[in-house]
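The values are calculated or read from the model by the stated rules, or taken from the named source; none is laboratory data. Everything numeric in this text was worked out from a predicted model, so none of it was measured. Cβ coordinates were reconstructed from backbone atoms using ideal geometry, including for glycine residues, and neighbour counts include every protein chain displayed. Surface areas here come from the heavy atoms of the whole protein model, side chains and all, with no ligands, DNA or RNA. Shrake-Rupley method; radii C 1.70, N 1.55, O 1.52, S 1.80 Å.
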Amino acid sequence: MKSLKELYKIGRGPSSSHTMGPQKAATMFGQKHLGASAFEVHLYGSLASTGKGHLTDVAIIDALHGLTGAPVEIVWHPDQVLPFHTNGMTYYAKDGEGNKSEPWTVYSVGGGTLSEGPGSLIGEGDDIYEFSNITDIMKWCKDTGRHIWEYAEECESSDFWIYLSRVWDAMKASVVNGLDAEGVLPGPLKLSRKAATYHVKATGYKPNLQSRGLVFSYALAVAEENASGGTVVTAPTCGSCGVLPAVLYHQWLSKDFSEQRILRALATAGIFGNVVKSNASISGAEVGCQGEVGVACAMAAAATCQLFGGSPRQVEYAAEMGLEHHLGMTCDPVCGLVQIPCIERNAFAAARALDANQYASLSDGYHRVTFDDVVRVMKQTGHDLPSLYKETGEGGLAKGFDEAFRM
């Protein structure tokens, strides 16, 4: 299992797999062909279906043209899926006479991660975790008497906490920036930002309603920042980036948890996200939104349960419920934008994470279905979902509302 530094990436929205990944690939290709006279980039499957709404073409053109000054042609193939992954792209460089270079085919497999095919992850370093499932990690906790975050500390490099501190600072900034911003999000939906309004209204409620309203506002703030192309943290993706920051920011402010305890909660959350990334997928284009918002909810539930003194078993139970009760969730972005239903889903998943923590904390932590069981089911469910429900913009809400919003 790779470092949590590869799970938590700080970058621009709106999509880790459709924006961050392609931009990274374009930068890598451009650096190898600085003398090119032009570029031709073919986008396949989900990248082509929802690429315009996710600014895939803008990200690629900005990277290649910015490096070389050469023009870039984007060729769309929404009905053609390459064998390895639906987020496939092929790059060509052209010389002054129009001759093409050898093609480079690469895949954006979720969370900003790139792959050239089976067994390949580009630039993510070696596996540093001995265990890649929660069952083994829980056994380690039992045998050593230590907690889940301590397993991360055991395996990561000496600068791990410094990096997580940067992640936490970026998460806090995305909440603050999102709460301060108002107006309409970019794109044809003409969707107004709601975070600031929710935050103001929440402060007028009695404590029990105020708490939930504030969590909503924080999740909306980060998700809206992402939708407008602001800087966010993949947790585990851009499309689900509002869930974990909302929950942690709320606990940090309202319960006065120390920064160090928040960082430990981030480490625990990252372990659960990393297990899913290693054994299934966090790509909405591959397994639907259960792999994005569902995993984000599991991460936030685990982090919250740890903050409130949950045992490793209770933490695992909270994460299991966070993911289990998102099984089968489709990825159906209207107009290919990370706005409807994505932004609201971040807010509801944050609230569900708090519920999962409370449920697990009231229990003794013993339960029949393990987190690893749910990860296996999620992977199979995702593969069984028809492609139109996996970030193609062709099914679900997208099918019913796309044309109305485009008018």
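Brief remarks follow.
- Among ILE60, ILE128, ILE162, the largest mean-square fluctuation in a Gaussian network model of the chain, built with springs joining Cα atoms closer than 10 Å, belongs to ILE162.
- Nearest 10 degrees, 0 to 90: helix 293-307 Cα axis against the chain principal axis: 30
- Binned Cα-Cα distances of the stretch 1-145, short to long, each 10 Å bin given as a whole percent: 12, 37, 30, 12, 6, 2, 0
- Mean separation of Cα contacts under 8 Å, 6 or more apart, over the residue count of the chain: relative contact order %: 18
- Over the chain: helical MRE at 222 nm, DSSP H runs n ≥ 4 each giving -39500 (n - 2.57), nearest 500: -16500 deg cm²/dmol
- Cα-based Rg and Dmax for the stretch 118-174, where Dmax is the largest Cα-Cα distance (Å): 14.2, 39
- Inter-part distance, the stretch 218-247 to the stretch 2-31, computed on C-alpha centroids, equals 15 Å.
- GNM top mover of SER115, SER211, SER157 - the chain, alpha-carbon springs below 10 Å: SER157
- Mean Cα-pair separation over length for the stretch 5-70, i.e. relative contact order, pairs under 8 Å, 6 or more apart, %: 48
- Each Lys or Arg adds one and each Asp or Glu subtracts one; over the other residues with Cβ under 10 Å from the Cβ of ASN177, this totals -2.
- Alpha-carbon centroids, the stretch 288-361 and the stretch 62-123: separation in whole Å: 32
- Shape category assigned to the stretch 74-155 from the gyration tensor of Cα positions, a/c cut at 1.5: prolate
- Taking a ≥ b ≥ c as the square roots of the Cα gyration tensor eigenvalues, the stretch 163-204 comes out oblate, since a/c reaches at least 1.5 and a/b does not exceed b/c.
- Taking ALA227, ALA152, ALA347 as the candidate residues, the one with maximal mean-square fluctuation in a Gaussian network model of the chain, Cα springs under 10 Å, is ALA152.
- Exposed GluC sites (Glu not before Pro) absent: longest stretch of the chain, with sites in DSSP loops and at most 12 other Cβ within 10 Å deemed exposed: 183-407
- Database note for the chain: Cys without another Cys beta carbon under 4.7 angstrom, CYS141, CYS155, CYS238, CYS241, CYS297, CYS305, CYS335, CYS342.
- Solvent-accessible area, 1.4 Å probe, carbon plus sulfur percent, for the chain: 51
- For the chain, the residue among PRO207, HIS42, GLY284 whose Cα projects farthest onto the positive side of the dipole built from Cβ charges is PRO207.
- Cα gyration tensor category, rounded, prolate or oblate, for the stretch 151-270 with a/c compared to 1.5: oblate
- Computed with a 1.4 Å probe on the full set of protein chains, the accessible area for ARG212 sits at about 80 Å².
- Three semi-axes of the equivalent ellipsoid, the chain, Cα gyration tensor, whole Å, largest first: 34, 24, 19
- The stretch 195-286: relative contact order as a whole-number percent, Cα under 8 Å and 6+ apart: 20
- Selection of trypsin sites (Lys or Arg not before Pro), the stretch 1-87, meeting DSSP coil and at most 10 other Cβ within 10 Å: none
- The mean accessible area for residues of the chain, using a 1.4 Å probe and ignoring ligands and nucleic acids, is 40 Å² per residue.
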